[in-house]
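So the structure is just underneath, and the comments pick up after that.
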Amino acid sequence: MRDAMKLTPTDAETALAALYDAKKADFAGAPLAAAREDAFTRFAEAGLPHRRIEAYKYTDLRARLTDLPPAAAEAGEENVAGILAGYPPLVEGAARIVIANGRYVPGLSAAPANVTVTSILDPAADLSAVGILVAGNDDPLTLANLGLFEGGVVITVAGEAGAPIEIVHVATADALVMGRVAMSVSADGRASVIERTLGSAAVVENGLTELTLKEGAHVDWIRLVDGKSDKAVELNSFHTEVPESAVLNHLTLTTGLGLARSQIFGHVVGHDAEANFRAATVAVGKRHADNTLVIRHDAVGSRSTEIFKSAIGEGGTAIIQGRIFVEKDAQKTDSKMMSNALFLDDTGEVVNKPELEIFADDVICGHGATSGDIDEDPVFYLRARGIPEATARRLLTEAFIIEALDLVADEALNDALAERIRTALAAVVA
């Protein structure tokens, strides 16, 4: 806590407190006002996370965010449309939900069949599931968003979504952006979601996603993190609960520049529930990419897999933190975590920190981590068949990272994601 640490508020923390004070009158009396006040009070007490907090030991945001850009103003629809024009959907026929500078833009958004979208600030929005997954959570980034979010969307999927859903966060200026997404999927509902950020090169973004699944629901969620410059700061907290017979497949693909922290808090609460998490990271050009995952199993006979693939070079840093809790009543849990890192040169750094805490005695659980250079044997094998050495190394590196896309069933989408990986690697793998 701040009192115990005797830390003087930084300029960034002071600016956040002033921003909250300025916004407080605007949301007074609104349905989420009490939750906002509670969250920001707790955030202000703890402050920005720093290296003395174990979960942030390798991503010291207090040191990195010495100051902050101004809060993002409401974006003009024409300006947002101009940015979107340069970025067609990754999947043909996808329905786009646009959030610009943290605020829902209905005029540029469309919902597929069986999907409804409402601004989270709309007085008519159904907020019955909003905030449940984050209640009591003490993560600083989550608390900051809960107190300061500008807006966002409530998405309801009733049945099978009629098309893939692409949630696009647009930043029109170098500003502080805090948007929020709350999605609920009905029993036996199905949705495929792609989430991406477009726009400004020096944005500081702190996003929050809550995904609520009903029994038998199936969701595939892909999040693309592609920092536009070394000044970009992309922070995101994803909270979810996976009930009986539900399936969640989640992929985080991180390329680009700047600092990124993608953190997932998952709770597997139902029998025969399945949660699969993948992360593919290319950390080059001083990219700092932090993937942090906390999964708790509470149910009998549930499953999860966690696979991280990282390629690091040119001063890049990849942080992989994964923690799995298996509670005492979660017998017959099957959970496996693996992190593999590949050094592209001798200038990169990787931190692998897998953890297991098991309180049940009838489980199949394991974790592991590896890091190293490209194996010279397959390089020699390819060269012996007439493939130039540089090409052999590029092919092997691509194959290593692209393996993280194993759960992306849509062939066109899989190809598009693989191409992003190849492009990111091209600068360092000749």
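Restricting attention to the range 63-79, the residues being farther than 22 Å from residue 23 by Cβ, touching a residue at least 24 places away in the same chain (Cβ under 8 Å) and not in a loop (DSSP other than H, G, I, E, B) number 3. Within the range 322-336, the set of residues being at pLDDT below 95 and open to solvent by less than 10 Å² (accessible area, probe 1.4 Å) comprises 322 only.
Does residue 229 count as at pLDDT below 95 and surrounded by fewer than 22 Cβ atoms within 10 Å (Cβ to Cβ)?
yes
Here is the figure for the range 254-311: residues that are of a type in the set (Val, Ile, Thr) and modelled with pLDDT under 95 total 1. Of the residues 134, 181, the single one that is touching a helix residue (DSSP H, G or I) at 6+ places or on another chain (Cβ under 8 Å), under 21 Å from residue 234 (Cβ atoms) and not polar (S, T, N, Q) is 134. For the range 396-419, the set of residues classified as in contact with a helix residue (DSSP H, G or I) (Cβ under 6 Å, 6 or more places away or on another chain) and surrounded by fewer than 16 Cβ atoms within 10 Å (Cβ to Cβ) consists of 414 only. Only residues that are of a type in the set (Val, Ile, Thr), without any contact (Cβ under 8 Å) to a residue 40 or more places away in the chain and farther than 22 Å from residue 208 by Cα were counted across the range 255-309, and they come to 2.
Residue 104 meets all of the listed conditions (1) of a type outside the set (Val, Ile, Thr); (2) modelled with pLDDT under 95; (3) crowded, with 20+ Cβ neighbours inside 10 Å but one, namely (2).
What number of residues in the range 167-176 are over 16 Å from residue 238 (Cα atoms) and either open to solvent by 10 Å² or more (accessible area, probe 1.4 Å) or without any contact (Cβ under 8 Å) to a residue 40 or more places away in the chain (or both)?
Going residue by residue through the range 167-176, those that are over 16 Å from residue 238 (Cα atoms) are 170-176.
Within this subset, residues satisfying the condition of being either open to solvent by 10 Å² or more (accessible area, probe 1.4 Å) or without any contact (Cβ under 8 Å) to a residue 40 or more places away in the chain (or both) are 172-174, 176.
Looking only at that region, the number is 4.
Residues in the range 20-67 that are open to solvent by 30 Å² or more (accessible area, probe 1.4 Å) and under 21 Å from the mean Cα position of the chain (by Cα): 51, 53, 54, 55, 57, 58, 60, 62, 64.
In the set (1) among the aliphatic types (A, V, I, L, M); (2) open to solvent by 10 Å² or more (accessible area, probe 1.4 Å); (3) out of contact with any His (no Cβ under 9 Å at 6 or more places or on another chain); (4) farther than 16 Å from residue 117 by Cβ, residue 222 fails one condition alone, (3).
The values are calculated or read from the model by the stated rules, or taken from the named source; none is laboratory data. Bear in mind that the values here come from a model prediction, so they are computed numbers and not experimental data. For neighbour counting, all protein chains shown are included, and Cβ atoms are generated from backbone atoms with ideal geometry for every residue, glycine included. Only protein heavy atoms, including side chains, enter the accessible area calculation; ligands, DNA and RNA are left aside. Shrake-Rupley method; radii C 1.70, N 1.55, O 1.52, S 1.80 Å.
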